[in-house]
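Here the structure comes first, spelled out in C-alpha cells, and everything after it is commentary.
What follows draws every value from the coordinates through simple rules; no lab data is involved. Please read all numbers here as calculations on a predicted model, not as lab measurements. Cβ atoms come from the backbone with ideal geometry, glycine included; neighbour counts cover every protein chain shown.
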Amino acid sequence: MSSRSQEVNFDGLVGPTHNYSGLAFGNVAATKHSGASSSPKQAALQGLEKMWALHEMGMVQGVLPPQERPDVRLLRQLGFSGKNDGEIVQRAGREAPHLLASAASAASMWVANAATVSPAADTADGKTHFTPANLSHMLHRSIESRITGRILQAIFSGDSYRHHAALPATPRFSDEGAANHTRLCASYDSAGVELFVYGSGQQGGPQPTKYPARQTLEACQAIARSHGLHPARTVFAQQNPQAIDAGVFHNDVIAVGNLNLLFYHEDAFLGTHLLRKELDKAAGEALDYIEVASADVSLEAAVNSYLFNSQLITRPGSSKATLIVPMECRESASVHAYLQKLEAGNTAIGEVCYFDLRQSMNNGGGPACLRLRVVMSEAQQRALHANVLLNEGLYKQLRQWVEKHYRDELAPSDLADPSLLVECRTALDELSQLLRLGSVYDFQR
C-alpha cells in the first residue's frame, strides 16, 4: 500500500437527539425498534469507541459533527409558528408528532449517506470531488444536504477539492451517497474503478415490489459526469430487487469493498457474473472477490446481523484485510460460523473484529453506515485547518463533551421538550469550536 495517500474513515458523531421513531420505511431494524427509548449518550460513546479502536489499529480516523436538531427551519416551512423556537417545537409535538420526529431525527450520524467522494486519482482535473446526497426519498433525511455541504466545505477547503451541489431533489435523481458507491483500486494513489449501485434503472426493468429503491441510475450517472470520472473505469450495477425487498435499503447492507477486494452476498446484484467481468476489465486486471453463498448466510441473516454493513480495512503492515463487524454477527449462528471459517481460511480477509454498536444498530445503521471514506494525501491531511483527525487528546475531549451534554435516555415523546433544543444547540456550539469548523449551523449565523 502506498504511504503517500490513505483512506481516512470520517465517522459521524451521534447527535444528542438520537431516538427510535422508526422513520425509515424499508429499514427492518428501524421499524422493529420504533417507539422504544434510546440512549444518546451510550450511542455516541459506542461510536467513539469504534473510532478510537481503528485509530489504535493504525488507521487515520476522522470525525464529522452531527446536525442541529430539531430542525426548526423545517417546522417553520411546514407551517408551525410560535413566540420562539421552543414554542414551535412544542406545537409540532402536540399537533403533528410524526413531523417533529422527522425534524428531530439524528440520522445524519450515518455519514455513509452524506456524500459521494471521488479521489484525485480518479478525476479528470486531479481534484477530490464531493457531491452531498440529496436523500430526497425520505423527509427526515432530505433536510441534511444543505448543512452537509457546508460542513464538508469547512473541513475540506482549498484548491485540491471541488464541491458540487446536491442533485435536484426529485425521484428521478434520488441519491443516497456513498452507501451505494464503492471504489476498487490497486493502491489509494492509483486510478481506481468506481462502482455505482442503483436500485431503480431503466423503465420496464426489474423493480422491488415491497420496499422502495432509493438510488437511481440517472443519479449515479450524473455524479460520475460531474466528478469527471473516466467512462472506462466507471461501472454501474443494479441491486437485486429481491435483496431490496428483504431489507437491503442500501448496497452497503449487502456488499463492501476496499482496495482490490469486493466482499458481497450472492444475491446482492443482478447479473453478478457479468458485473465481475466488467469490473475486471475496468481495473485492467482480475480483482479479488469473496462471494457469500445463500446456503451459508441467508439474505435474512445478512440483513439482521449487518454482516456486509461492515468496514473492510487494511491495517498498516498487513497483507490481509480486517473486517469490522457489529456484535450482532457473533449472535447469529450462521453468520458467526461463516466468519470463523472465513478467518481460518486462505482468503484475502485475515481478521474479524467485533464491535458493540447496539444503539446505532437498533436504528438500522452498522459500522459502514457510520463512516464516510475519503482518500487523502499526506499533504491534504497536513493542510486540514479543522481539528477533525482523531488523536488521544481529541478523543478524550469528545468523550468529555458527550458526558457533559448528552442525555442517558430519550423517548420519542421527549422530542417535544423545548429544553432539548437548547441542549443540542449548546452542545453543537461548543463542538464546532472544538473541531475548529467556524459557524456551520444556522443558529450560529
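Quick notes
- Sorted from longest to shortest, the spans of the Cα atoms of the stretch 86-174 along the three principal axes equal 52, 29, 18 Å.
- All Cα-Cα separations within the stretch 279-355 were binned at 10 Å from zero, giving a P(r) of 18, 48, 27, 7, each value a whole percent of the pairs.
- Inter-centroid distance (Cα atoms) of the stretch 392-445 relative to the stretch 295-323, Å: 32 Å
- Listed residues His55, His273, His230, most fluctuating in the chain (Gaussian network, C-alpha, under 10 Å): His273
- Highest-fluctuation residue, Asp280, Asp122, Asp252 considered, GNM on the chain with Cα pairs under 10 Å: Asp280
- For the stretch 216-314, the percent of C-alpha pairs falling in each 5 Å distance bin, counted from 0 to the bin holding the largest distance, reads 2, 12, 21, 23, 22, 13, 5, 1, 0.
- Over the stretch 349-408, equivalent-ellipsoid semi-axes from the Cα gyration tensor in Å: 24, 21, 12
- Residue exposure proxy: Tyr395, Tyr20, ordered by other Cβ atoms within 10 angstrom of their Cβ from fewest to most, comes out as Tyr395, Tyr20.
- Under 12 Å from Lys396, Cα to Cα: aspartates and glutamates that are on another chain or at least 8 residues apart: Glu49
- Calculated diffusion of the stretch 397-445, Stokes-Einstein form, Kirkwood radius summed over Cα pairs, 25 °C and 0.890 mPa s, µm²/s: 207 µm²/s
- For the stretch 150-265, the C-alpha radius of gyration sits at 1.12 times the compact-globule guess of 2.2 N^0.38 Å, with N the residue count.
- As a length-normalised measure over Cα pairs under 8 Å and 6 or more apart, the relative contact order of the chain settles at 24 percent.
- Percent breakdown of C-alpha pair distances by 10 Å bin, ordered from the shortest bin, for the stretch 200-271: 18, 46, 32, 3
- Low-density loop cleavage sites - trypsin sites (Lys or Arg not before Pro) in the stretch 76-153, where at most 16 other Cβ are within 10 Å (DSSP): Lys83
- Sorted by Cβ density within 10 Å, fewest first, the residues Phe173, Phe443, Phe308: Phe443, Phe173, Phe308
- Fraction of C-alpha pairs exceeding 20 angstrom in the stretch 1-157: 58 percent, rounded to a whole number.
- Between 0 and 90 degrees, the angle of helix 392-405 with respect to the longest Cα principal axis of the chain falls at about 40 degrees.
- Counting every other Cβ atom within 10 Å of each residue's Cβ, Val193, Val235 order from fewest to most as Val235, Val193.
- Calculated FRET efficiency, Gln381 to Arg94, Cβ-Cβ distance, R0 = 45 Å: about 0.40 to the nearest 0.05.
- Folded to 0 to 90 degrees: helix 85-95 orientation relative to the chain principal axis, Cα: 80 degrees
- Based on alpha-carbon atoms, the Kirkwood radius and the radius of gyration of the stretch 319-371 give Rg/Rh equal to 1.00.
- Evaluated on the stretch 226-374, the Kirkwood hydrodynamic radius is 15.9 Å, with distances taken between all distinct Cα atoms.
- Within a Gaussian network of the chain (alpha carbon springs, distance under 10 Å), most fluctuating of Thr209, Thr314, Thr272: Thr209
- Dividing the Cα radius of gyration of the stretch 255-295 by 2.2 N^0.38 Å, with N the residue count, gives 1.11.
- When Rg and the Kirkwood Rh are both derived from Cα coordinates, the Rg/Rh ratio for the stretch 313-445 amounts to 1.05.
- Mean sequence separation of contacting Cα pairs (under 8 Å, at least six apart), scaled by the length of the stretch 55-182, corresponds to a relative contact order of 23 percent.
- Loop-located GluC sites (Glu not before Pro) in the stretch 55-107, at most 15 other Cβ atoms within 10 Å (DSSP): none
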